[in-house]
Structures are given as structure tokens and as C-alpha cells.
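Let me begin by presenting the structure, written as C-alpha cells, before commenting on it.
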Amino acid sequence: MIYTHKVQYYETDKMGIVHHSNYVRWMEEARVAFLEYIGASFVSLEDMGIVSPVLTIDCRFVDMTRFGDSVDIIPKIEEFKGVKLLVEYEMRNSKTGEICFKAHSAHCFMQDGKVINMRKKYPEIYAKFSEEMEKGKINL
């Protein structure tokens with residue numbers, strides 16, 4: 001799945017370069033779209049009382065993006081065993097195909113303020129994540 005974000009003027013600094021804080025927002029946009037794509041949308045999870053806080057973010061800025069650019073964001077499930085979800089992101093300039101940003105984020109799933117094991121508590125949702133993780137390994 002590829003999520004495309006068009007850089008907005010308000011996301012840039014005085015030099016017309018995207019401010020670094022926006023990449024984390026774009027990661028979230030892509031992750032939300034990705035979860036919807038695999039059939040485990042944020043809305044459906046939250047309707048079940050499940051939240052997914054961010055545990056860590058690791059990122060590397062490779063090239064600048066500017067106002068008017070479009071960025072293709074490719075999220076992939078790097079690892080998921082039921083408790084901790086690791087997501088990998090690769091962002092490319094839509095026009096040139098050049099990588100501009102690479103990142104990873106880690107998340108857990110919680111319900112009623114407690115960490116839950118999705119494999120045990122919601123095996124049907126866990127299966128969706130596992131299937132996508134396997135697809136991502138094939139596409140690497």
C-alpha cells in the first residue's frame with residue numbers, strides 16, 4: 001500500500017523546506033490509512049476500546065522535501081508477535097522516486113488501561129497484521 005501526501009505550504013519553514021516535525025505526522029497519516037487498508041481501522045479498534053500508543057520513533061532524514069512536492073509513504077509491518085507492533089516507513093519523492101525519509105515506530109495495544117496480547121485476545125485482528133507482515137517480507 002502506498003499513501004501519498006502532498007506537501008502543504010504551512011508545513012514548510014521560511015526557506016520552503018518541510019519542517020522536520022511533519023514527517024512524524026505523515027507517518028501517522030500513513031499508519032491510519034494502512035490499518036484501514038488491512039481491515040483493522042483505528043475507528044473499529046477504538047470502538048472496541050483498543051488504543052495503540054506510540055512507544056518509540058526512530059527516523060532518518062535522507063533528503064529535503066518542499067512545498068508542492070508529493071511524497072509516497074510506504075508503511076510495512078516489520079514485526080508483530082501480538083503485543084508490540086513495529087512499523088517501517090519509507091518516504092519517496094513521488095516525482096523523482098528518491099528516498100527522502102526512513103523511519104520505524106513501535107506501538108502496543110491497550111484496553112482498559114492494560115497492555116493486551118492481540119494474538120490471544122483478538123486472533124482475527126492479529127491474523128490481518130500477520131498476513132501483511134508476511135507480504136512485506138516478500139516485497140523487501
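For the reader, a short list of remarks on this structure follows.
- Residue match in segment 40-57 (condition: closer than 20 Å to K6 by Cα and either at pLDDT 95 or above or touching a strand residue (DSSP E or B) at 6+ places or on another chain (Cβ under 8 Å) (or both)): no
- In segment 78-90, of all residues being in contact with a strand residue (DSSP E or B) (Cβ under 9 Å, 6 or more places away or on another chain) and open to solvent by 10 Å² or more (accessible area, probe 1.4 Å), the one that is farthest from M15 (Cα to Cα) corresponds to V83.
- Among the residues of segment 91-103, those that are part of a strand (DSSP E or B) and surrounded by fewer than 17 Cβ atoms within 10 Å (Cβ to Cβ) comprise I99, K102.
- M64 being of a type in the set (A, V, I, L, M) and touching a residue at least 12 places away in the same chain (Cβ under 8 Å): yes
- Residues in segment 20-72 that are in a strand (DSSP E or B) and open to solvent by less than 40 Å² (accessible area, probe 1.4 Å) were compared, and the one that is farthest from T96 (Cα to Cα) is I50.
The values are calculated or read from the model by the stated rules, or taken from the named source; none is laboratory data. Not measured: the values here are computed from a predicted model. Here the Cβ is made from the backbone with ideal geometry for all residues, glycine too, and neighbour counts use every protein chain on show. Accessible surface is based on the protein model in full, side chains and every heavy atom, while ligands, DNA and RNA are left aside. Shrake-Rupley method; radii C 1.70, N 1.55, O 1.52, S 1.80 Å.
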